[in-house]
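Working notes for the structure below.
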Amino acid sequence: MTHNNFSFPRDFLWGAATAAYQIEGAWNVDGRGESIWDRFSHTPGKVLGGDTGDVACDHYHRFAEDIEIMRRMNLRGYRFSVSWPRVMPTGSGPANWVGLDFYDRLVDSLLSAGIEPFLTLYHWDLPQALQEIGGWSNRDVSAYFADYAALMAHRLGDRVKYWTTFNEPGVFTFIGNRSGEHAPGYKDEKLSLQIGHNALLAHGMAMQAMRASKSDIQAGMVLSLWPSEPAGSSQAEKDAAEKIWQKDQAWFIDPLLRAHYPIIGWQEYGASVPEVKPGDMAIIAQKLDFLGVNYYSRNLIGPEGQINPVPGSEYTEMGWEVSPPTLRRLLVRLHKEYKVPPIYITENGAAFKDVVSEDGQIHDERRIAFLRDHLIQVRNAIEDGVDVRGYFAWSLLDNFEWQYGYSKRFGLVHVDYPTQKRIIKDSGNWYAQTSRRNGFSMSTAGDDTSQKSLAERALAKSL
Ligand code: IFM
């Protein structure tokens with residue numbers, strides 16, 4: 001029997017991630033203001049089944065129980081977001097001390113449990129009051145965001161070391177304002193690109209403001225990177241894939257790391273390009289202490305355009321192709337083409353149809369395989385020389401999956417929404433063991449045939 005050991009660098013940060021609107025609930029208590037996601041989900045027809053984040057996982061009231069679960073899962077890090085309207089109900093006015101207290105208690109409890117807090121300032125829940133003045137299309141909102149960032153750094157910077165400004169600016173600008181499936185629901189490419197620019201500007205201003213308030217924090221940005229890969233070796237397929245990369249992915253990477261928009265993307269967007277004021281790009285390109293990479297899937301581009309479905313590939317409940325080797329290629333590309341700072345995988349995970357079995361457990365073998373296959377690729381990338389410092393599974397809990405409501409389950413922990421009972425899934429137990437051992441091992445022969453096939457599949461895919 002052969003054992004393959006997949007161990008990770010010392011101090012590798014094993015964590016799980018969530019976001020405020022997706023888990024907190026308590027949408028209108030203790031002075032919390034309305035967010036654009038409250039407004040959007042309360043509008044009939046916007047979210048599947050009329051679901052809202054009003055209660056979600058009720059984490060606002062159950063955070064102590066959730067931290068106890070994290071402790072049992074040996075998590076070393078927890079990535080969460082702050083709800084801007086909970087701490088500043090109108091986005092620019094006075095702070096809400098009760099809301100700030102909640103994050104104080106959350107952070108203190110995490111630290112007492114030996115879990116590193118990894119804080120995101122913006123995971124899409126803009127205060128509705130700021131949307132009323134144009135939302136991110138109004139540059140004043142970028143300045144308000146910097147004020148909010150300074151407030152949070154002042155309040156929590158003595159205990160929270162890792163800060164990220166935005167989660168996935170490409171997603172909330174394009175899906176919220178170009179395709180309209182997310183809040184605030186606009187369908188306007190030019191508007192979305194201006195919003196993207198103002199969000200990048202807000203990132204840069206917030207980095208400056210946080211560092212002015214607390215100089216010794218580690219601050220960065222989280223991007224969702226969804227590579228487009230050519231199916232074949234023809235130049236046409238390569239060019240087509242590259243054009244999509246430049247328009248959607250490099251559009252956010254290049255300003256941050258090169259202080260300019262990608263030329264191909266700029267040409268492709270034509271009249272839709274944003275207004276960029278003198279000095280903006282220098283503000284945007286603040287030094288990043290780390291880059292957060294969220295990876296879920298890829299687009300495969302053939303001679304006739306995107307190939308979907310890809311023959312032979314596995315798909316998740318989101319309709320996303322499972323493609324672990326793309327993660328390694330993505331990380332290596334970032335490493336080779338950009339002066340990329342240390343990387344944290346800030347999200348990676350999958351929605352599958354989970355079933356609570358008769359024994360009361362969730363035997364989610366496919367999610368275990370998904371995590372394992374992706375972690376193998378992360379380790380391969382580390383061996384290729386990429387400085388990856390940690391990994392956060394998406395998500396700690398099943399939660400509100402935006403326009404799909406509660407119909408998609410990404411959690412390592414199952415949530416029964418009517419009772420709010422939590423059950424750690426098999427994947428959660430597997431991840432707990434992986435964190436404790438700082439890796440995992442797999443046998444490629446022997447009596448455990450399911451283990452064998454998983455290992456062989458993972459190894460084959462890593463080639
Ligand atoms: O649930 C989302 C999360 O809010 C942002 N990244 C992708 C996840 C899965 O769709």
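Of the strands (runs of 3 or more DSSP E) entirely within the range 228-332, those holding at least 3 residues that are more than 16 Å from the ligand (Cβ to nearest atom) occupy 228-230, 299-302. Residues that are closer than 20 Å to Tyr21 by Cα and touching a Leu at 6+ places or on another chain (Cβ under 6 Å) within the range 142-167 comprise Ala149, Trp163, Thr165, listed in sequence order. A count restricted to the range 98-134 and to residues that are more than 16 Å from the ligand (Cβ to nearest atom), closer than 28 Å to Arg389 by Cβ and not hydrophobic (A, V, I, L, M, F, W, C) stands at 9.
Condition check for Gln361 on (1) more than 16 Å from the ligand (Cβ to nearest atom); (2) surrounded by fewer than 18 Cβ atoms within 10 Å (Cβ to Cβ); (3) closer than 30 Å to Glu242 by Cβ: one failure, at (3). Among residues of the range 268-288 that are farther than 15 Å from Gly196 by Cα, those with a beta-carbon under 8 Å from a residue that is at pLDDT 95 or above and charged (D, E, K, R) at least six positions away or on a different chain give the pairs Glu268/Lys243; Glu268/Lys247; Ala271/Lys190. Looking at Asn28, Asn4, just one residue is in contact with a Leu (Cβ under 8 Å, 6 or more places away or on another chain), more than 16 Å from the ligand (Cβ to nearest atom) and over 17 Å from Val415 (Cα atoms), and that residue is Asn4. Would you confirm, using the coordinates I've provided, whether Ser234 is surrounded by fewer than 21 Cβ atoms within 10 Å (Cβ to Cβ), farther than 19 Å from Gly135 by Cβ and among the small types (Gly, Ala, Ser)? For Ser234, the condition - surrounded by fewer than 21 Cβ atoms within 10 Å (Cβ to Cβ), farther than 19 Å from Gly135 by Cβ and among the small types (Gly, Ala, Ser) - is met. Evaluation of Val171 against the conditions (1) in contact (Cβ under 8 Å) with a residue 12 or more places away in the chain; (2) part of a loop (DSSP other than H, G, I, E, B); (3) surrounded by fewer than 21 Cβ atoms within 10 Å (Cβ to Cβ); (4) within 16 Å of the ligand (Cβ to nearest atom) shows that the sole unmet condition is (2). Has the range 207-224 got any residue that is of a type outside the set (Gly, Ala, Ser), touching a residue at least 24 places away in the same chain (Cβ under 8 Å) and in contact with a Pro (Cβ under 7 Å, 6 or more places away or on another chain)? Looking for residues that are of a type outside the set (Gly, Ala, Ser), touching a residue at least 24 places away in the same chain (Cβ under 8 Å) and in contact with a Pro (Cβ under 7 Å, 6 or more places away or on another chain), one finds none in the range 207-224, hence no.
Considering the conditions (1) acidic (Asp, Glu); (2) under 27 Å from Leu48 (Cα atoms); (3) crowded, with 20+ Cβ neighbours inside 10 Å, Asp416 is excluded by exactly one of them, (3).
Taking the range 367-394 as the range and being within 16 Å of the ligand (Cβ to nearest atom) and out of contact with any strand residue (DSSP E or B) (no Cβ under 6 Å at 6 or more places or on another chain) as the test, the residues that pass are Arg367, Phe370, Leu371, His374. Only one entry in Arg367, Arg409 is outside any loop (DSSP other than H, G, I, E, B) and at pLDDT 95 or above, namely Arg367. Residue count for the range 33-55 under the criterion of being surrounded by fewer than 23 Cβ atoms within 10 Å (Cβ to Cβ), on the phi < 0 side of the Ramachandran plot and either in contact with a Leu (Cβ under 9 Å, 6 or more places away or on another chain) or not in a helix (DSSP H, G or I) (or both): the result is 9.
Among the residues of the range 1-32, those that are part of a helix (DSSP H, G or I) and not aromatic (Phe, Trp, Tyr) comprise Ala20, Gln22, Ile23.
A search for C-beta distances below 9 Å between a residue of the range 100-126 that is touching a residue at least 24 places away in the same chain (Cβ under 8 Å) and any residue that is within 15 Å of the ligand (Cβ to nearest atom) and among the acidic types (Asp, Glu), counting only pairs 6+ apart in sequence or on different chains, returns Phe102/Glu24; His123/Glu168; Trp124/Glu168. With respect to being at pLDDT below 95, over 23 Å from Asp359 (Cβ atoms) and in a helix (DSSP H, G or I), Leu454 falls outside the description. Residues in the range 72-90 that are assigned to a loop (DSSP other than H, G, I, E, B) and more than 16 Å from the ligand (Cβ to nearest atom) were compared, and the one that is surrounded by the most Cβ atoms within 10 Å (Cβ to Cβ) is Leu75.
Of the residues that make up the range 218-226, is at least one more than 16 Å from the ligand (Cβ to nearest atom), more than 17 Å from Val340 (Cα to Cα) and either buried (at least 21 other Cβ atoms within 10 Å of the Cβ) or under 20 Å from the mean Cα position of the chain (by Cα) (or both)? The answer is no; no qualifying residue exists. Is at least one residue of the range 91-113 part of a helix (DSSP H, G or I) and polar (S, T, N, Q)? Scanning the range 91-113, I find at least one residue that is part of a helix (DSSP H, G or I) and polar (S, T, N, Q), so the answer is yes. Whenever a residue of the range 32-54 is farther than 13 Å from Gly405 by Cα, its partners that are among the hydroxyl-bearing types (Ser, Thr, Tyr) and buried (at least 22 other Cβ atoms within 10 Å of the Cβ), lying with C-beta atoms within less than 8 angstrom and at least six residues away or across chains, give the pairs Arg32/Ser83; Ser35/Tyr21; Ser35/Ser83.
The values are calculated or read from the model by the stated rules, or taken from the named source; none is laboratory data. Note that the structure is predicted; figures quoted are calculated from it, not measured. All Cβ positions, glycine included, derive from the backbone under ideal geometry; neighbour counts span all protein chains shown.
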